[in-house]
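These notes concern the structure reproduced below.
The values are calculated or read from the model by the stated rules, or taken from the named source; none is laboratory data. Note that the structure is predicted; figures quoted are calculated from it, not measured. Reconstructed Cβ throughout: ideal geometry from the backbone, glycine too, with neighbour counts over all protein chains shown. To get the accessible areas, we keep the full protein, side chains included, count just its heavy atoms, and leave off ligands, DNA and RNA. Shrake-Rupley method; radii C 1.70, N 1.55, O 1.52, S 1.80 Å.
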Amino acid sequence: MSSTEERRFQVLRAIVADYVSTKEPIGSKTIVDRHNLGVSSATVRNDMAVLEAEGYITQTHTSSGRVPTDKGYRQFVDRIADIKPLSSAERRAILQFLESGVDLDDVLRRGVRLLAQLTRQVAVVQYPTLSSSSVRHLEVVALTPARLLLVLITDSGRVDQRIVELGDVMDDDDLARLRELLGNALAGKRLAAASIAVSELAEDAPDDLRDVVIRCTTVLIETLVEHPEDRLVLGGTSNLTRNAADFEGHPEMPGSLRTVLEALEEQVVVLKLLAASHDAGRVTVRIGEETQVAEMRSTSVVSTGYGAAGTVFGGLGVLGPTRMDYPGTIASVATVARYIGEVLGER
């Protein structure tokens with residue numbers, strides 16, 4: 001990159017940083033006063049004219065200053081070389097807060113609340129998808145001699161409890177045999193494979209346990225099969241209303257605050273935005289029309305995957321106006337995703 005191109009990028013970076021900070025269109029004099037670029041106002045004005053001609057910045061109706069376009073934000077994000085990491089105290093506080101979660105639901109709710117507070121945007125996390133989870137343990141508990149409680153625990157922290165009515169009584173020896181039979185079929189298997197394994201159990205089960213095994217496997221298969229309705233935890237929606245000016249336009253137009261809020265209510269839209277996030281450790285930034293959702297064209301989505309031991313459990317991210325603190329948001333999303341994965345992986 002030539003020195004002229006590098007200087008123009010520094011001008012673009014100054015415009016992005018100042019506009020995100022002030023919400024005001026940025027003029028050449030402001031850039032010269034606030035940023036030590038070592039050039040005159042005339043040179044900055046010339047650079048801004050080129051940036052505008054190339055579609056990186058645009059002039060607003062109310063001011064001679066310029067604001068970044070989606071293309072300008074994309075150029076800025078693609079060249080972020082220095083993501084300011086969270087301090088060790090901040091990271092320690094995040095980890096301790098997440099570790100205090102009593103179960104999967106609590107950990108995810110805490111994660112969303114944290115992310116919304118850190119970024120001042122809308123935070124969203126997808127519940128662990130069953131297809132990526134493995135069975136960590138199956139506990140079989142006799143509630144009465146004729147009623148069992150099955151407790152299925154996955155490596156993503158999900159806990160499912162199901163009651164099985166036996167229709168007959170069962171002694172401790174038979175219960176131990178059943179526990180071993182089911183445990184051997186399920187332990188360590190991905191849920192899809194576990195579903196197949198338990199469906200085949202009844203054929204090979206001892207005659208005296210076959211009826212009980214059929215009852216248990218019927219309940220387990222319903223638990224193991226992927227449910228089409230993925231669940232999300234959403235937090236910080238009120239943050240959008242604090243930045244209502246960033247969603248200017250007619251209330252009915254795509255990209256207005258109203259249409260963004262309505263789209264957030266449709267979980268399928270949010271799931272689509274998180275779909276490309278299933279790569280733990282890599283943060284994806286989609287700006288404006290890159291979201292490929294008309295209602296979200298005034299927003300940006302910063303997302304990643306979370307998980308443990310090389311397995312991605314689900315997606316996590318934030319959504320806000322394109323006028324966003326991208327370096328800080330990227331750092332926060334990456335950190336919270338990392339610690340949610342660690343906390344769930346250790347349980």
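Okay, here's what the table says:
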quantity: Net +/- balance of residues flanking residue 329 in space, Cβ distance below 13 Å, scoring K and R +1, D and E -1; calculated: +3
quantity: Separation between Cα centres of region 14-57 and region 283-347, rounded to whole Å; calculated: 29 Å
quantity: The chain - percent of accessible surface contributed by carbon and sulfur, probe 1.4 Å; calculated: 49 percent
quantity: In region 75-111, trypsin sites (Lys or Arg not before Pro) in a DSSP loop with at most 12 other beta-carbon atoms within 10 Å; calculated: 79
quantity: Estimated dipole of region 252-347 in Debye, rounded to 20 [Cβ of Lys and Arg +1, of Asp and Glu -1, Cα centre]; calculated: 220 debye
quantity: Simple label model, 7 Å out from Cα along Cβ direction - residue 109 to residue 196, nm; calculated: 3.8 nm
quantity: Label-point separation in nm, residue 245 to residue 91, each point 7 Å along Cα→Cβ; calculated: 3.6 nm
quantity: For the chain, accessible area per residue (1.4 Å probe, heavy atoms of protein chains only), Å²; calculated: 49 Å²
quantity: Per-residue SASA entry for residue 221, accessible area with 1.4 Å probe, Å² rounded to 10; calculated: 50 Å²
quantity: Rounded Å value of the spacing that divides the Cα centres of region 125-151 and region 152-220; calculated: 10 Å
quantity: Two-site label geometry, residue 52 and residue 24: point separation in nm, points 7 Å out along Cα→Cβ; calculated: 1.9 nm
quantity: Label corresponding to Rg and Dmax of the Cα atoms in Å when calculated from the structure given, among (i) 20.6, 74; (ii) 19.2, 73; (iii) 26.3, 91; calculated: (iii)
quantity: Accessible surface of residue 21 - all protein chains present, 1.4 Å probe, nearest 10 Å²; calculated: 90 Å²
quantity: Charge context of residue 165, other residues only, Cβ under 12 angstrom, K/R +1, D/E -1; calculated: +1
quantity: Greater than 25 Å apart at Cα, pairs in 189/272; 84/272; 71/272; 23/71; calculated: 189/272; 84/272
